[in-house]
């Protein structure tokens, strides 16, 4: 029982932590490219900004789904209730 | 001490708040007989509210100097119309799809915005009503964010999938669409054996594409809202924990700071997710118009 609890806690930490790494790298890369691109062609900035926000949401989504699942495991744990 | 035995622990509090107001208890992962009344009713209410306020703007619409609300509605409609024009190049279908995109955007935004109400406000009111009706107030379940319910988001994304299929058939014809199903993305071959093999592979890829599109479309919105709701609950638990311990007198301060930060960030998230859902709806419907 305690064993399962501990492993689930570790799992939640890994889900959130690794997900955060991935999402941060993704957002960082995209933000950097966006700044570079708009420095080269400032007239495209508005158009690119919309697309950047859409992509930021897409990159964020996988991470946030992970966070939701991790928090669900942390509080309403289906593996322990049984 | 007896009072403390009845105070919910953090885990019980969150499990209680994750329980839908539904007709029967969900037993399997997919159970079509479950109806989540809270999601349906709140979704319809905010949808009706959105319709009402847009109707107000349309009723008082003037070609002279617009009022503030009319200007806001015009900005929104123009924004959606620009996106629709950029992704769908068929003026005839745009007559249906552009209003659809606006509906999706406003409705999802309003449903997401229910997340910004205090977590316990409506559930506590509901518990009072439920208790006054002669039921046990501890079993008064209510979740007020319809988009934090997988049924709502998957319902929306499946509707988009159905529209995609309808438009595929309408634009390319039944034969053209079926031809596309077996020839895209890998093309076909003159040799009949290879043509058959490629056809099976292509059909398989197309089915995967449709399923992945629809599932990720719904899961993305659900995951964002669900995570947001859970974080709000955790913040609420932090404030509530102060009542049970002497050392936690500063926790309510943390509650206010954390709640403010997360709520401000969440304003961005709910708008962004509504916008992304709308954009993806447009993009998927635009794909249905393209022939390979």
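Each reported figure results from applying straightforward, stated rules to the coordinates on display, with no laboratory input. Keep in mind it's a predicted model, so treat the numbers as computed, not measured. For neighbour counting, all protein chains shown are included, and Cβ atoms are generated from backbone atoms with ideal geometry for every residue, glycine included.
Pull out a ≥ b ≥ c, the square roots of the eigenvalues of the alpha-carbon gyration tensor of the range B:105-161, then state rounded if a/c is under 1.5, prolate if not and a/b is larger than b/c, and oblate in the remaining case. Mind showing how you got there, number by number?
Working: a/c = 3.83, a/b = 2.07, b/c = 1.85.
Verdict is prolate for the range B:105-161.
Using Cα pairs under 8 angstrom and six or more residues apart, how large is the relative contact order of the range B:113-214, in percent? Could the numbers behind the result be given before it?
Working: 65 pairs, mean separation 19.4, N = 102.
Normalised by residue count, the contact order of the range B:113-214 is 19 percent.
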Practice item. Measure nothing fancy, just the Cα-based angle from helix B:192-241's long axis to the longest principal axis of chain B, in degrees from 0 to 90, nearest 10. Key: 20 degrees
Exercise for review: List the relative contact order of the range A:1-76 as a percent without decimals, with contacts defined as Cα pairs under 8 Å and 6+ residues apart.
Suggested key: 55 percent
Review point. How far is helix B:251-289 tilted, in degrees, relative to the longest principal axis of the Cα atoms in chain B, given as a value from 0 to 90 rounded to the nearest 10?
Key: 20 degrees
Review point. Using alpha carbons only, how many degrees (0 to 90, rounded to 10) separate the axis of helix A:2-40 from the longest principal axis of chain A?
Key: 0 degrees
**Study point:** Sequence ranges B:46-53, B:205-212, ranked by mean other-Cβ count within 10 angstrom, highest first
**Key:** B:46-53, B:205-212
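What does the C-alpha gyration tensor say about the overall shape of chain B? Classify as rounded when a/c is under 1.5, otherwise prolate if a/b is larger than b/c, or oblate. Don't skip to the end; give the middle numbers.
Working: a/c = 2.48, a/b = 1.63, b/c = 1.52.
It comes out prolate by the Cα gyration axes.
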Exercise for review: Take every residue in peptide A:55-67, count the Cβ atoms of other chains within 10 Å of its Cβ, and give the average of those counts.
Suggested key: 6
Check your understanding: So what is the relative contact order of chain B, in percent, for Cα pairs below 8 Å that sit 6 or more residues apart?
Key -> 25 percent
Point to revise | Within 10 Å of each Cβ in B:223-236, the average number of Cβ atoms from other chains | key: 4
Check your understanding: Taking each residue of B:267-277 in turn, how many C-beta atoms of other protein chains fall within 10 Å of its C-beta, and what is the average?
Key -> 3
**Study point:** Semi-axes of the equivalent ellipsoid for the range B:77-122, Cα gyration tensor, largest first, Å
**Key:** 31, 9, 6
